[in-house]
Structures are given as structure tokens and as C-alpha cells.
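Any read-out appearing in this document is the output of simple, stated calculations on the displayed coordinates, not a laboratory observation. As the structure is a computational prediction, the values presented were derived from the model and not from experiment. Here the Cβ is made from the backbone with ideal geometry for all residues, glycine too, and neighbour counts use every protein chain on show.
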Amino acid sequence: MGYQVFVLLLPIVTIPYVSRVLGPTGIGINAFTNSIVQYFVLLGTLGLTMYGNREVAYQRDKSKQLSNLFWELTFLRLVTTGIATLLYLGFILLSGQYQTFYLIQGLLLVATAIDVSWFFQGLEEFRITVLRNTLVKIISLILIFVLVRTKNDLWLYILILTGSQFLGNLTLVPYLKRYVVFPRWSDLKIINHLRPTIEMFVPQIATQVYLQVNKTMLGALVGVQASGFYDNSDKIVKILLAVVTATGTVLLPHTAHSFAQGRHDEVEDSLNKSMHFILVIAFPMTAGLAGIAPIFTRIFFGNGFDPVSNLLVIESIVIVFIGISNAIGVQYLLPTNQLAPFTTSVVLGAVANMVLNVPFILLWRSNGAMVATVLSELLVTAYQLFKVKDQLRLRHIFQEVWKYFLAALIMGISVRIFISVLSLSSLVALLGATMYGALIYVIALLMLRPTVLLEMLSSFRKVHR
């Protein structure tokens, strides 16, 4: 969780500076061209990242099978990313503008080809990925402040972002020698993985719709500035979502391993605890972000980015929806090999997003794209809950949701009043409003006394006895 927040905090640290140096147009060009290359990255990865994560968790107690699995999936990824790269180069030749930026963004495809993070995640070796990538990201942060000085440095900004991802993936390769050995090529069965990775590819395509298609359609129907406004809002929300969804990254291999050994009670118990943790932080994040959105936008983005404030208020709602769907989908459906309902849920959401996007964007521009996103995420969450209602004790899982919601609502209203009455507009005031909101939420929770809070306090006392 700390690493995911750190990775997404880096753009936030640079946003106040980069937004002022590159302006709305520069930010929009980066968002638009990146949204295009991500489609080819998706094609290159196929469904290998999530599939590989799960399969490594299944095989991690069998060294020979684990090593062969790594080579099989690695060679398959090299083939798929190679095909995706050729198609992307063809697209660049046919594109009429932004060719230089598209070419630099293409470094992400090379980074994808050498990415082995899925292997270490399946082994639950998160420390390896965290430490190496953290150093690379810090270097990229320094380079942005030192080298990106004018609007003409947009290409350099994109190169630093893509290059850091490539170097971060490259630093993981030396650690493989602890776990894998060169195989007997006749033992490898690469084709056997093609069908399941394609099956996993379908929900990956649908998920990518939420991440990229809104920026792409805004750039095409309205302009790159609208795409940039959406992207800036999305970056802020993704930081908070990194906290909420980090449990999914950690618990997918853990749950898959428990499921493979037949410990089904542990699977549900893990989901139950995870869901409570997610909801107790997702609700205040939603309310808090909506409360500070106006002052946050003025301070972090500067002049010309006022539309981002409304986008933050609208998009903050998805923190709760994605938190729930991540727990059900990534922490339960995928580890227990229930790919069909997971795939159906994200496909339904993707279709709904595309159908709603055109009329909503034409009516309300960036706000319309964001409303379409929220409604689509709601559909995904509702469908997944419907499919597991006979497998899980949902009443038990959600019995105290009203406490988190009420405490967060009180906090959000209090923060907005706090900012409005005092007419705050400085960074110190923003930090003060954030701390004030956190205090209100904690007090409200203590008064409502949810079970998860009592368990945390009890555990804390035991540790410090």
C-alpha cells in the first residue's frame, strides 16, 4: 500500500510545478497520447499479468514447475508485446500529429516486455519490487524538477516518465536467479497458457476502458484540454484508490494459495476483514476529497484548471464503488477461479461507459465523462455483489456500512463549511482542513463504535502489553 501510494504521489508532487510549466495543453497532450499507447500495452500484456500472478501463487511450492511457468509466460509475453509494438509503429506512421510524443510513449511497450513484477507478486515478495522501484521513481522526480523548464520540454517530461518505468522493471530482473533456472526447452508448454490468458484478457480490456477511453473520447470530441482536466482529476483519485485497492494486490496470491490448499474458510475470513478495512477508509476519502476539492484545485493546479474541482467531487464517489468491486473481484472471484462473473461485470461496465460517454460528453463535456464513469463503476459493483450473494454472508460483511457512511458524511460537510466560512486558499489552510476532517471522522467513529475499530484498538493493546 505504501509503495502504491508513493508511486501515485510522485505525479502529485510534480503537478503544481508541471501544470504551470507545461500548461493545460501540454498536460492534455501527454494524457491523450498516453491513453493511446495504453491500448497497445494492454494488447502486449494480454491477460498475462493477473494470470501469471495467480498461477505463480498456485505453483510456488513446486520449484521446477514454478521455474518452467516463468519461462513459458515470459516467452509468451515477448511474442505478444512484439506484435503490439509492430502495430503501434504502424499507428505512428499513419497518425497525423503528435508523432514525436507517440514515439516516446512507445518506451512503455519495451518496459512491458521485460516486466516480471507479476512473478514476485505471486510469491508475495513485495519487498523486492518496492525497494528497487522506489529508488528509480525518486530519481525521476528529481529529473523532472531539474530538466523540465519550459513548454518545449514536454517531450522530456514524457521521456522521464516512460524511462523510469522501463528502468524500474529492468532492476527486478537480477533477482530472478533466486527462483528460476534455465529450462529444458522441450519441457515448456507455452501454448497451454494462451487460452486462459486470452480469457483473462477480456476483463483487462474492459478495465482499460475506464482508464483510457474517457480521455481518448474527450480529446477527440472536445479537445486535449478537456482530456487533461479529466486526467488531473483521475490522478488524484487514483492516489486514494491505491490505498483502497492495495489489499487486492497483496491478498490475490495469498487467497489463491489458500484456495489451492482447500482452506475455504480462510478465504472468506480474509475477504471479510479486508472489506471492513476498505470501507472504513474509502468513505472518509470520498467525503474528504469532495469537501476540499475547490481549494485543492486552486492550490495544486493553478490558473486555468478550475473545471478539475467539479470533476474531483463527481469522481470521488468511485472510491467506494471500486473499493467494494476490488475486494469481491480481485480478492475473491479471481483467486477462487470464478473468471466468468468477474469478466461479465467489467464488460458490462465497459459497455455502459462507452454507451453513456457520447451523449454525456456532448451535453456536459468533462463532467459528462466523469458521470459516465461513476455510473459504470456502480454497475460493476452491483453485478458482482449479485453474483456472490449466495456464496458469501453479505449481510455480515456490510452490517456496519451505515456507521462509516454517517461518520464520513459529517466529516465532509464539516470540512466544506470550515473552508467556506474561513475563506481559506493557502497550502497551510488545505493541510489544516485535512487534519480537521480526519479529527471529525475519528471522533464520529468513536461515538458510533464500529466493530472494526474496536478490534483494531484491541489488537493495539495486545501488541503494547
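How big is the convex hull of the Cα atoms of region 117-242, per residue, in Å³?
Dividing the Cα hull volume of region 117-242 by its residue count gives 172 Å³.
If you take the C-alpha gyration tensor of region 110-173, multiply each eigenvalue by 5 and take the square root, what semi-axes do you get, largest first, in whole Å?
27, 12, 6
Would you mind counting up the charge near residue 385? Only other residues with Cβ under 14 Å from its Cβ, with Lys and Arg at +1 and Asp and Glu at -1.
Once positives and negatives cancel, what remains is +2.
For a distance above 19 Å, tell me the whole-number percent of Cα pairs in region 42-159 that qualify.
60 percent
Could you run the Debye sum over the Cα atoms of region 319-371, one equal point scatterer each and no solvent, and tell me log10 of I(q)/I(0) at q = 0.14, 0.31 Å⁻¹, two decimals?
For region 319-371 at q = 0.14, 0.31 Å⁻¹, log10 I(q)/I(0) is -0.48, -1.07.
Report the Cα-based extents of region 220-354 along its three principal axes, largest first, to the nearest Å.
57, 31, 18
Where Rh denotes the Kirkwood radius from the mean inverse Cα pair distance, what is Rg over Rh for region 282-377?
Expressed as Rg/Rh, it is 1.07.
Suppose the Debye formula is applied to equal point scatterers at every Cα of region 30-88; what is log10 I(q)/I(0) at q = 0.15, 0.16, 0.26 Å⁻¹?
The Debye formula, applied to the Cα set alone, gives -0.52, -0.57, -0.98.
To the nearest 20 debye, what charge dipole does the chain have about its Cα centre, counting +1 at the Cβ of each Lys and Arg and -1 at the Cβ of each Asp and Glu?
Dipole magnitude for the chain comes out near 620 debye.
Add +1 for every Lys or Arg and -1 for every Asp or Glu among the other residues with Cβ under 14 Å from the Cβ of residue 158, and state the total.
-1
Beyond a 23 Å Cα-Cα separation, which of these cross-linked pairs lie in this structure: 64/273; 215/235; 238/403; 151/215?
In this structure, 64/273; 238/403 lie more than 23 Å apart at Cα.
May I ask for the net charge around residue 18, where only other residues with Cβ less than 14 Å from the Cβ of residue 18 are counted and Lys, Arg are +1 while Asp, Glu are -1?
Cβ neighbours under 14 Å give a net charge of +2.
Show me the three semi-axes of the equivalent ellipsoid for the chain, from the C-alpha gyration tensor (sqrt of 5 times each eigenvalue), largest first, rounded to whole Å.
33, 31, 21
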